[in-house]
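In what follows, a single structure is set out as structure tokens and then discussed.
The values are calculated or read from the model by the stated rules, or taken from the named source; none is laboratory data. Fair warning: this is a prediction, and the values are worked out from it, not measured in the lab. Positions of Cβ are backbone-derived with ideal geometry, glycine not excepted, and every protein chain shown enters the neighbour counts.
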């Protein structure tokens, strides 16, 4: 639709707009008219989800110029280029909407906290941890999702993708259930839950520019960030559970949840899809399992997602080892599909194939 400007719009009214994203192209989007300001990326049909320019915000030191709401004099936002922050803002807005839709339509959840609390996504944030400065990073805080603009020199595109935003949205949901970040195994459990739902959101959105898959961040990072079915393709992650688990007192980067999540990610993949390698991966079935069980048959994403949603929202995941997460998901499958059901047996088998007993 053509861009419009209408100062006679009632203040706070929601109208149809058009966004031009970097990753998702031209999108129909709801926008809010604010008197004296213009049109803003605020969606009051979804609890006031909003998209803002992070203004170089970072979580370690002072902000650069402070976050600012994306504003346009018309109902059109962005030009589709990576150089346009508002184009990234459109993609982030779209991904937040699709995340909200997935949890509402599939799990009947109203927002991050299940109580209709407003959520905001900030684009253009900087991670200034001691010794580094990067814009190729994403994280979450409270009811916000924060996204780097990418790093062209490193080949990293803007991080406003369905799976990255979706995984940060899901991490917020896990936090709302249990705010303790945990240690050892539990960090991997929690990180893998976020990846699972980032993936399910991508499948549910079914955008032609970003078909559902089990690779996290493939639109932003060269080759993708994490491959859920064989995460050690990154040369760092774990895919088979160590005999003694992960030491909760070892906080070295090599054992961060980002890398230990590969065990939970593999278990979910096997539960949903079975021991079948994704097309084009070049992998064989025996490269997907830790115990040689290549006959696993998946129960589908819908059932697997329902089981993992109970894990995310009914368990104190900060206290779960991987074996305890296995037990919790078996209980969830039994509650949903029956004691000794095929689904419950499939859960146990998937975890065993990731080395978790």
Leading residue by the ranking (surrounded by the most Cβ atoms within 10 Å (Cβ to Cβ)) among those in region 44-56 that are in contact with a helix residue (DSSP H, G or I) (Cβ under 6 Å, 6 or more places away or on another chain) and within 23 Å of residue 158 (Cα to Cα): 51
Members of region 235-246 found to be in contact with a helix residue (DSSP H, G or I) (Cβ under 9 Å, 6 or more places away or on another chain) and over 16 Å from residue 324 (Cβ atoms), listed by number: 236, 237, 238, 239, 240
Number of the condition not met by residue 256 [criteria: (1) modelled with pLDDT under 95; (2) within 19 Å of residue 325 (Cα to Cα); (3) under 14 Å from the mean Cα position of the chain (by Cα)]: (3)
Residue check for residue 273: buried (at least 21 other Cβ atoms within 10 Å of the Cβ) and either closer than 25 Å to residue 160 by Cβ or in contact (Cβ under 8 Å) with a residue 40 or more places away in the chain (or both): yes
Candidates 45, 63, filtered to the one that is more than 13 Å from residue 20 (Cα to Cα), in a loop (DSSP other than H, G, I, E, B), at pLDDT below 95 and assigned by TED's automatic domain parsing to the domain that holds residue 103: 63
Residue list for region 201-233, restricted to those being more than 16 Å from residue 191 (Cα to Cα) and in a helix (DSSP H, G or I): 202, 203, 204, 205, 233
Region 78-100: number of residues that are surrounded by fewer than 24 Cβ atoms within 10 Å (Cβ to Cβ) and either in the same structural domain as residue 195 (by TED's automatic domain parsing) or within 15 Å of residue 120 (Cα to Cα) (or both): 4
